[in-house]
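Asker: Got a structure for you, written out below as structure tokens; questions coming shortly.
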Amino acid sequence: MLLSLTISALLVSLVFQSLLALTQGEHALGHQFETAAMWNNASRVLREDVHGASTLNISAGALILQEADGRVFRYVVNPSGQLVRTQSGGGTAVVAVGVTAMSCTALNQVLSLRLVFQDGFSGDLVVSTLP
């Protein structure tokens, strides 16, 4: 009887630990998918804006793009960890959340950009502007 209770307790403990590990793994995997989706969206928007830009400037942690049609877009990571895209004359959009850093370099109309997210994921984008 005692052996049976001990085995039952061990099995319940094992099942509980397995379910807990599966739940934690599912949560972590879901968070990674969310971060990847945010990176995909941010890189798509950035790629489109940079491709249409005639000039780009990097200053004070901001990326500033001037489109051929005169529109100006400014990208910055705010203190809340949001990558924000602001259009001159009005229009602001949060492109990604959970961003800890944005680094940019530009050489000969080619932009190299890296976004680092809170979960440690980093995405790199290399794209050229209009010639």
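Values in this text are rule-based calculations from the coordinates and carry no lab data. Keep in mind that what you see is a predicted model, and the values were worked out from it rather than measured. Counting neighbours? That spans all protein chains shown, and the Cβs are built from the backbone with ideal geometry, glycine included.
Asker: Neighbour counts of other C-beta atoms within 10 Å: give me Arg74, Arg85 arranged from fewest to most.
Answerer: Details: Arg74 16, Arg85 21.
Ordered by Cβ neighbours within 10 Å, fewest first: Arg74, Arg85.
Asker: May I pose another question? What net charge is computed for the residues neighbouring Ser112, neighbours being all others with C-beta under 14 Å from the C-beta of Ser112, Lys and Arg scored +1, Asp and Glu -1?
Answerer: Overall, the nearby charge balance is +1.
Asker: Where does region 32-131 land on Rg(C-alpha)/(2.2 N^0.38 Å)?
Answerer: Ratio of Cα Rg to 2.2 N^0.38 Å: 1.00.
Asker: Roughly how many nanometres apart are two label points built 7 Å out from the Cα toward the Cβ at Phe121 and Thr100?
Answerer: Going from the Phe121 label point to the Thr100 one covers 1.5 nm.
Asker: Give the shape of region 76-127 as rounded, prolate or oblate, defined through the alpha-carbon gyration tensor: a ≥ b ≥ c are the square roots of its eigenvalues, a/c under 1.5 means rounded, and otherwise the shape is prolate if a/b is larger than b/c and oblate if not.
Answerer: It comes out oblate by the Cα gyration axes.
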